Each structure stands twice: as C-alpha cells, then as structure tokens.
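Below: one structure, written as structure tokens.
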Amino acid sequence: MTANDTASADRVIIFDTTLRDGEQSPGASMTLEEKIQVAELLDEMGVDVIEAGFPIASNGDFEAVSEIAKIVSNSVVCGLARAGHKDIDRAAEALVHAEKRRIHTFISTSPLHMKHKLQMEPEAVYEAVISSVTRARGHTDDVEWSPEDGTRTEHDFLCRCVEAAIDAGATTINIPDTVGYSVPEEFHDLIAMLLDRVPNADKAVFSTHCHNDLGLAVANSLAGVRAGARQVECTINGLGERAGNAALEEIVMALKTRNDTMPYTTGIKTPLLMRASKLVSTVSAFPVQYNKAIVGKNAFAHEAGIHQDGMLKNAQTYEIMRPEDVGVRETSLVMGKHSGRHAFRQKLGELGFELGDNALEDAFRRFKDLADRKKHVFDEDIEALVEDEVAAASESIHVIALTVIAGTGGPQKAIITLDVEGRHETREATGNGPVDATFNAIRSIVPNEARLLLYQVHAVTEGTDAQAEVSVRLEEEGKTVTGRGADPDTLVASAKAYISGVNKLMTRRQKSAPEVMEAV
C-alpha cells in the first residue's frame with residue numbers, strides 16, 4: 001500500500017520534507033538521534049510521507065534514512081535522488097527496511113537550469129527523465145518525479161516530460177516552485193494546465209512543492225490543491241532553504257478551518273502540531289517568530305483591550321480556531337498597556353482577588369502605570385501590585401516622590417516627598433548607600449526609633465525590568481512588624497516597604513494607647 005492509495009477527490013496527502021529540505025537550511029543540521037525523534041513524531045501525527053533525507057549526499061544522510069526506515073510504521077518513508085542511477089540505487093539501499101517506501105527522483109527542466117546548471121540539451125534531459133523513473137520503478141512501485149524549477153519551465157516541454165515520467169512508472173508528479181517565483185493564480189493555472197493537457201495525468205497524483213521567497217508558499221500550495229493537486233510537500237514551521245517552504249501547520253489548519261471554500265481533508269492529528277513545532281525548533285535551533293501563524297507564541301494571545309473584551313464574551317470574536325485544536329493549552333490574555341478593565345477584572349478573579357469598584361479603579365490605574373514602564377506584566381506582578389494596593393489602602397502615610405543620587409563618589413543622598421495624612425512633606429538626607437539615605441529621609445519626616453532587623457529584596461518575575469518586592473522587619477519596644485512594597489524601581493519599593501512598616505507601628509501605638517489609659 002502506498003500513500004497514493006489514500007488519495008481521493010477530497011483527501012490531500014501530506015508529504016513532510018522537514019528532514020530533507022528543512023535540514024538544508026544553513027545552520028539547521030540535526031543529529032541522527034534528533035532526526036529519529038522528529039520522524040517518530042511525524043509518524044504519530046499522521047504524516048502520509050516522510051522524506052527522510054538525500055541518501056547519496058553523505059554517509060550521515062544515508063544512515064538517517066536507513067534508521068528512520070526501520071522505525072516508522074505508518075508513514076511512507078521517502079529518499080531523494082537525482083536522475084543518476086547511482087543516486088537512485090543508493091536511495092533504494094537506504095530504504096530497504098521500510099515497510100512502505102518511495103523514491104523521489106528529480107531533474108531540472110527550465111531553460112535557465114538546463115543551460116547553466118546541467119549544461120544539457122532538452123532532449124538529453126527528456127531521456128534522463130525516462131531513464132531515472134524506470135530505474136526507480138525497478139526498486140519500488142511508489143515513485144515520485146519532480147521537474148526542478150518547474151514553474152519557470154516552458155509548458156510544452158513540461159507536459160512532454162510529465163507524460164514521459166508517468167509512462168515510465170511515476171505514481172506522483174510533483175511540481176516545484178523551486179525559487180518561490182510563482183503567484184497563486186499562476187500556480188493554480190499551471191496545475192490545471194497539466195491536468196488538462198497531459199494525456200495520462202489521471203494515472204498519477206499531482207503534488208505541490210512551493211518555496212516562500214515571496215511569502216506565497218502556502219497560498220501557492222493551496223491554489224494548487226484547488227486546481228487538482230492532491231499532495232502538498234511542506235515542512236514543520238516552514239523550515240527550508242532561503243525563506244523556507246510551505247508550513248505544514250498552516251496548510252493543514254487552512255484546509256480544516258476553511259473547509260467551506262476548500263472542501264478537502266488530511267490525516268493529520270492537529271493537536272500534535274504545537275508539539276512538533278517546538279521539537280523542530282529545538283533540534284534545528286531555529287526559533288519560531290512570535291507572530292508565526294498557528295504555532296507562534298502570540299498566535300492565541302490577546303493584549304488589546306477591545307480584543308480581550310470580545311474574547312471574554314465569545315472566543316469566536318477574535319479567534320477562528322480553537323487553541324486546543326493545534327495543541328495549545330488555552331488562549332492567553334496578555335496583560336499589558338493595551339488591556340482593558342474587563343480583562344483586568346477577569347485576571348484578578350483568576351488570581352483570587354475580589355475588589356470593590358473604587359479599589360479596582362485604583363488597582364487598574366496602578367496596573368496601567370506599571371504596564372507603561374514594564375514590557376511584560378506577569379501574574380506575579382499583578383499579585384504584588386494588588387497586595388501592595390490593599391495594604392496601602394489602610395495606611396495614613398504614602399510615598400509621593402523619590403529622587404536618589406548615588407554612585408562611587410558619595411555621599412549618597414535621597415530626596416523624598418510623603419503624603420502624611422493629607423499633607424505633603426519633603427525632606428532630604430544622606431546615608432551609607434542609597435537605601436540608608438532613603439530610610440533616613442523618611443525618618444526625618446516620620447520620626448521613630450524602630451530598628452531595622454531585616455531588609456530583603458527579590459525579583460517578582462524574570463528580566464531586568466522585573467518588579468522588585470522588598471520586605472523589611474522593624475522592631476520598636478519589643479514589637480516587630482513587617483512591611484512590604486513592590487515597584488519596578490528597587491529604591492521606590494524599598495521606600496514603600498519601610499513606609500508600610502512605619503504605618504503598622506503607628507497603628508499599634510494607637511491600639512495600645514487605650515490600654516495604657518485603662519491601666520492608669
């Protein structure tokens with residue numbers, strides 16, 4: 001049984017060439033173990049044909065194809081070969097252990113390639129087509145033939161070569177847009193022309209292999225399917241030479257999502273797409289761009305307030321597919337400067353906070369201020385912000401402004417403005433370091449004899465723009481209190497933490513005053 005046995009009027013064969021064309025990307029070489037790992041996942045995912053490598057290219061490629069042929073149980077394993085008999089025999093040798101095998105042979109057919117690359121006359125190329133396909137057919141019933149640079153080949157010559165390849169035994173005819181030159185209407189018409197003009201076209205499955213030099217690989221591939229092609233050659237993450245190939249995940253999800261206009265199916269288990277994307281990205285060391293369709297980090301992330309509001313009401317307002325369908329756990333509402341109140345309230349609920357309207361408004365204002373200063377706002381940032389807000393609500397002293405002058409020259413100086421029960425007071429002080437200067441400035445406005453027992457700083461989240469959360473422990477007359485403060489500026493967080501502790505000391509003094517009077 002071959003992959004072509006699955007072809008039907010509406011079934012599209014997925015031919016993955018990540019391990020061959022994808023690995024040809026400069027810097028994307030994979031080890032044997034990594035190739036096997038990728039092949040196993042492609043097999044599990046339901047890929048119809050895995051092009052495992054180019055066996056004659058190197059001993060490593062031969063070994064990879066041979067080992068993959070041994071372990072793949074569902075997919076057809078394919079080896080690439082040029083038109084020479086040595087290439088084809090080497091591919092056959094590498095595939096000997098495969099349960100289902102295919103030899104994919106090719107030769108250039110465009111005037112440009114025949115003259116400058118092959119230095120062969122068209123008639124010699126035509127004879128090589130017949131010879132190579134015949135040789136491959138002697139090894140397997142599943143033979144694919146490709147006219148390299150097919151989209152720049154003269155139509156009459158292309159039709160003649162395709163007809164000869166089918167007569168010689170090719171079961172798949174792949175039309176490559178080798179240099180990504182075509183546009184969708186043109187590629188559609190090329191496939192339609194071949195199906196119409198080649199007398200024996202009905203005896204083979206037609207295939208697309210589109211490169212992305214103009215960003216049209218997926219669009220061209222889908223245009224080919226609409227014209228009658230029933231195999232698409234593609235790669236995970238669009239990995240491939242130069243600008244890459246048509247991305248498997250985009251082809252599959254386009255057919256699934258827009259089945260109304262493209263009524264075709266594949267055998268791909270789409271919940272494995274994200275897993276495959278991450279694996280290929282890891283082993284190839286090629287990162288996936290954040291805004292990459294289907295598998296990019298931002299593909300199911302929303303920050304704009306209008307979008308978040310719509311998503312919370314109905315996910316279909318801004319998502320045309322479900323994240324779980326491609327293996328993403330859930331939609332992400334990214335909290336940032338574009339987020340609205342609705343999403344902020346929703347996030348607070350998820351984090352276990354229930355704030356009244358006034359408290360919510362204050363917290364939302366502080367969140368917006370933080371988002372303007374910080375590139376990414378994480379859940380931990382919001383927790384620290386709200387906890388700080390809740391604690392500050394009951395305090396009578398607040399930090400209004402802080403300026404610190406520090407450096408190796410010294411002395412360090414702090415200028416601070418506090419709101420003390422509705423009035424603003426500003427003082428400056430020096431100290432042994434910026435934190436000491438800040439605390440001295442606070443003590444000049446709010447005198448106290450408290451001893452600092454603990455001063456601790458930790459980053460709430462990762463990155464150099466992370467919020468600092470500062471904890472201080474103050475002791476006064478045998479009583480200890482803990483103050484906390486959070487801010488992207490460590491010194492401001494320190495001031496907030498110290499003020500938090502001072503406020504608690506003042507509250508304790510007030511509570512103890514009646515007890516003293518009663519004792520008297």
Peptides ranked, highest mean first, by Cβ atoms within 10 Å: ranges 182-191, 396-405, 72-81
72-81, 182-191, 396-405
Can you give the direction-averaged projected area of the convex hull of the alpha-carbon atoms in segment 394-519, in nm²?
8.6 nm²
Compute the acute angle (0 to 90°) between the alpha-carbon long axis of helix 273-284 and the principal axis of greatest extent of the alpha-carbon atoms of the chain; round to the nearest 10°.
90 degrees
Among Leu454, Phe353, Ser396, pick out the residue whose Cα is farthest towards the positive end of the charge dipole of the chain, where Lys and Arg carry +1 and Asp and Glu carry -1 on C-beta, about the Cα centre.
Ser396
Segment 3-284 shape via C-alpha gyration tensor axes, a/c threshold 1.5:
rounded
Run the simple label-point estimate for Lys297 and His398 please: 7 Å along Cα→C-beta, distance reported in nm.
3.5 nm
Give the calculated FRET efficiency between Glu40 and Asp202 to the nearest 0.05, with a Förster radius of 45 Å applied to their Cβ-Cβ distance.
0.80
Candidates for P(r) over Cα pairs in 20 Å bins from 0, in percent are (1) 16, 32, 25, 16, 7, 3, 0; (2) 20, 35, 21, 18, 6, 0; (3) 22, 57, 20, 1, and the calculated one carries label (2)
Order these by the 10 Å Cβ neighbour count, fewest first: Glu163, Glu93.
Glu93, Glu163
Sum of -39500 (n - 2.57) over DSSP H runs of 4+, divided by residues of the chain (222 nm, nearest 500)
-13000 deg cm²/dmol
Met506 to Asp357: FRET efficiency via 1/(1 + (r/R0)^6), r the Cβ-Cβ distance, R0 30 Å, to the nearest 0.05?
0.60
What is the extension gain from Ala192 to Val457, computed as 0.36 nm multiplied by their sequence separation minus the C-alpha to C-alpha distance, in nm to one decimal?
88.6 nm
Roughly how many debye, to the nearest 20, is the charge dipole of the chain about its Cα centre, given +1 on each Lys and Arg Cβ, -1 on each Asp and Glu Cβ, and no other charges?
800 debye
Roughly how tilted is helix 85-94, in degrees to the nearest 10 and between 0 and 90, from the longest Cα axis of the chain?
50 degrees
My understanding is that a pair violates if its Cα-Cα distance is over 25 Å; which of Lys368/Lys496; Lys86/Lys269; Lys347/Lys368; Lys297/Lys368 do that in this structure?
Lys86/Lys269
Please list 3J(HN,Hα) in residue order for segment 225-231, calculated via the Karplus relation 6.51 cos²θ - 1.76 cosθ + 1.60 where θ = phi - 60°; whole Hz, with x for glycine and proline.
4, 5, 7, x, 5, 10, 9
Taking the Cα centre of segment 394-519 as origin and charging only Cβ (+1 Lys, Arg; -1 Asp, Glu), how large is the dipole, in debye to the nearest 20?
220 debye
Just to be sure I follow: if Rg is taken over the C-alpha atoms of segment 129-267 and Rh is the Kirkwood radius over the same atoms, what is Rg/Rh?
0.96
Sorted by chain and number, the residues with a modelled amide H under 5 Å from that of Ile175, at a separation of 5 or more or across chains, are Ser207, Thr208, His209
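Laboratory data are not the source of any read-out in this text; all were calculated from the coordinates shown. All values reported here derive from a predicted model rather than from experimental measurement. Note: ideal-geometry Cβ built from the backbone for every residue, glycine included; neighbour counts use all protein chains shown.
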